[in-house]
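Structure record follows, encoded as structure tokens.
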Amino acid sequence: MRKYCKRIGDHGEDFAAHMLEDAGYQILDRNYRTRVGEIDIIAIKDGVLHFIEVKTRTADDFGYPADAVTEEKQRSIRRSAECYLTGRHAMWRNVSLDVMEITANLITDCI
């Protein structure tokens, strides 16, 4: 079951990255890991740096995918984003923490 969930999550992240690129985002990093957490996708568009959490589900039986982004996960993303910015000595005026919801039945080659 765990490998199945990871595989769906990986497909969801790949699908999200392609959607973002098609929408004009430049992907800077994927699966950025720190001691405090991970960020699925880091991208830039129109001068805004986006830290994107991708949540993929096969159905909405247990709520929407974004419902899985708890307050603890939000703190982890925020801390990881701070590490990213500090590690690159980057000063961004416009930063966005985003969640992309992917429903696996939209991904034709997922399952």
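The values are calculated or read from the model by the stated rules, or taken from the named source; none is laboratory data. The structure presented is a predicted model; accordingly, all values stated were derived computationally and were not measured. Every residue, glycine among them, receives a Cβ derived from its backbone with ideal geometry; neighbour counts consider all protein chains shown.
Is it the case that region 44-64 has a residue that's among the aliphatic types (A, V, I, L, M), surrounded by 10 or more Cβ atoms within 10 Å (Cβ to Cβ), under 19 Å from Asp14 (Cα atoms) and free of Cβ contacts under 8 Å to residues at least 24 places away in the same chain? The answer is yes; a qualifying residue exists. Within region 65-111, being of a type in the set (Ser, Thr, Tyr), part of a strand (DSSP E or B) and either exposed (fewer than 14 other Cβ atoms within 10 Å of the Cβ) or at pLDDT 95 or above (or both) holds for one residue alone: Ser96.
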